[in-house]
Every structure is written in structure tokens, then in C-alpha cells.
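Since the structure comes first, as C-alpha cells, the remarks are kept for the end.
The values are calculated or read from the model by the stated rules, or taken from the named source; none is laboratory data. Computed from a prediction, not measured in an experiment: that's the story for all the values here. Methodologically, a virtual Cβ is constructed for each residue, glycine included, from the backbone with ideal geometry; neighbour enumeration extends over all protein chains shown. Side chains included, ligands, DNA and RNA excluded: accessible areas come from the protein's heavy atoms. Shrake-Rupley method; radii C 1.70, N 1.55, O 1.52, S 1.80 Å.
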Amino acid sequence: MTTAAATGREAGRGTGRARVAASILDADLGHLAHAVRRVTVAGADRVHLDVMDGHFVPNLTFGAKTIKALRHRTEIPFDAHLMISEPGRYIEEYLEAGCDSVTFHVEIEEAITPTLKAIRAAGRAAGLAVKPATPLSALEPYAELLDIVLIMTVEPGFGGQAFMADVLAAKAPGARALLRHKLFGGEVHVDGGINRESAEFAGSHGVDVYVVGSALFVRGRDMGREIRLIRALADEGYQYGPNHGEPPIPHDRMATITSLPKHLAHRFMAEVEATGIPVIMLRGDGQINPDGVRDYDLLVPASVEAHVVVTHGASRDRLLAEAAAWRADLLARQG
Ligand code: DX5
Ligand code: ZN
């Protein structure tokens, strides 16, 4: 049985917009399984796995085999951050290890497109990371293949370095623009120096995922409280930055956009989902139709509700008219 503590729900996961990805780089590397359990119970949204090859960066950590061994220790997603020179050579191993997303660096010398395509083909999220000195324009040729843009706010290689605020401020708008093709689910990650001092600033630049390493592994510190604090500060920054004073909408809040008879609800769901936005179809408690079946409710993530209304409103109105005609026809036939 999964307890609330084991899933981290107890610690408030899913209540806000900001997501914390716990980097276990600064954990006791002799007890990584314990570290993964610890960050899960503390309420981290993801585990961020820093893979280093001693070549792309002047440090060595762990690889796909270790990630695979850790995979069954938690149910929260695994974000792999590959700081290695040849991600293409090893990509299948990382996918096979159970990484939910794989992000690697645009500064490598090998071809980038095939690796992004391999990640996508495996149904995982694909990301590119930029070192502080690398301009975001380096990512432009790959924009269409990106689910994640990771902005490094320290030099890759080590935890515990100071946050580079200027780097984030300069790159955040461009990172969002690179994900323009994704109506839902595109993520800007910030990695390096995120803690209670920098979280609000990062939030005010609209970051989605906050990688936090050394701030979580301070002796004597309550890790759960630290995660909640960073998430709350990031959400506050978002509210008073890009969201015009409005509190951020949690990712898991859904909004009903219409109710339709089953056959038409299916059609609308397919149409919206084709644009990359997930739709939930629920048997509603609304209008009962002449065939004795109630209309179905269609729900989309509240964060994209307005967008769906703009792009699919006309089609929704057509389907509602079609539903009315269908009901009238059924009634007439029933006499
Ligand atoms: C650095 C890594 C980061 C690092 C973050 O190369 O990519 O993920 O572990 O650690 P802190 O939060 O200590 O900067
Ligand atoms: Zn990292």
C-alpha cells in the first residue's frame, strides 16, 4: 500500500505551479537509494539526476546503471541531466533506465537532432541545456524538438555554487519563446544555486521547474519544509512577475469547457488532444438525453482553458448545435 507520506502528497505536492526537482548530487553518494526515498517523502516533484563523464565537465558522478537501480525506489519522475560529451552514444541506456525526461547540452560536438528524436520516439520529454556563457540562439535550430529548455545558472560540474541571477533574467523570456510550439507541457528548468534566497527571483521569470541540490542536503535542515518554502516563494515570484498579481494555477487543476452527448464529446476531445492538450471526459450529471444517457463533461487543464476557448470555441459551438439537432431528431422519432 502506498501511504500519503510515501507519495509525498502529505508534503503538499501538486498544490501550486512551481515544481521542485531534487538533485541528489550533494546527497551521500554511498546511499543514493536512501537519498531518493528521502526526497520523495520530503515532497519533491521529481528527482534530477546529474550525470557527469569527467570530460564534458571536470567531475564524474554516476551513469545509466545507477539510475536504473534507483528507478524502482520511487514513483516520482526522473529527469536526467547529461553533462557528457557523447549523449548520442549512450542515449538508449538512459531511456532503458527509465528516465522520464533526458536533457543534454547543446555545447557538445556531436549531432544533436538524432538524440532529441530518439528521446521523443521513446515517449519521453527531450531537453537541451545551456551553460551560462552559451547564448540561447544555439538552441534555435532544435526548437521544434524541445520539450524542456534547461538554463544553467552555475557552471556545470558541481553543486553548491552561487546563483547567477543575470543569466536567468537574460535567458528566461527566450527559453519560453523556444517552447512556443508546445501549447501545453513545455518546461523551462533552472539549474544551479536555487535556494530560499533565489527561488522568488526565478519564479518572477516564469520558470516551471526548479532544480535544487545543496539547499536540500544541509545537515539538520528539514528537507520537506525547504521544498515547500522554495515552491511557495517561486509561486509568489510568478504571481508578482509574469502573472499580473493573479495566483498561479496549479498544473493539476482542471476546468470544464463544455458538456456534450457522448459521440460528440469524443469528437471534441480528439480535436483538442490533437493539439497536444490533454482532455478528460467524465460522465456528468447534467442534461439527460432522449436516449437515456446524460451528456459527458469535457475538462482541460485550467492553465490552458482560455487558450482552448479561443482556438476551439467555434467548433464547440458547432457541436453544441449539432447536439441540439440530434436531441430534437431523437425526440421526434420517439414520437
Ligand atoms: C551542476 C548540476 C546541478 C547541481 C545543482 O552541474 O547540474 O544540478 O547539482 O546543485 P545546487 O542546487 O547546489 O546548485
Ligand atoms: Zn543538473
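Some notes on this structure:
- Residues in segment 31-70 that are assigned to a helix (DSSP H, G or I), closer than 19 Å to Phe217 by Cβ and away from ligand 1 (no atom under 16 Å from the Cβ): His31, Ala33, His34, Arg37, Thr40, Val41.
- Tallying residues that are under 23 Å from the mean Cα position of the chain (by Cα) and either without any contact (Cβ under 8 Å) to a residue 12 or more places away in the chain or surrounded by fewer than 11 Cβ atoms within 10 Å (Cβ to Cβ) (or both) within segment 296-335 yields 1.
- Candidate set: segment 132-180, residues that are away from ligand 1 (no atom under 16 Å from the Cβ) and not in a helix (DSSP H, G or I); chosen: the one surrounded by the fewest Cβ atoms within 10 Å (Cβ to Cβ): Arg180
- Condition met for Ala129 (of a type in the set (A, V, I, L, M, F, W, C), outside any helix (DSSP H, G or I), in contact with a Leu (Cβ under 9 Å, 6 or more places away or on another chain) and open to solvent by less than 10 Å² (accessible area, probe 1.4 Å)): yes
- Hey, His181 more than 13 Å from ligand 2 (Cβ to nearest atom) and not basic (Lys, Arg) or not: yes
- Search result, residues across segment 199-221 that are more than 18 Å from Asn243 (Cβ to Cβ) and either within 15 Å of ligand 2 (Cβ to nearest atom) or open to solvent by less than 10 Å² (accessible area, probe 1.4 Å) (or both): Val211, Val212, Gly213, Ser214, Ala215, Leu216, Phe217
- Of the residues Gly220, Gly224, the single one that is in a loop (DSSP other than H, G, I, E, B) and more than 13 Å from ligand 1 (Cβ to nearest atom) is Gly220.
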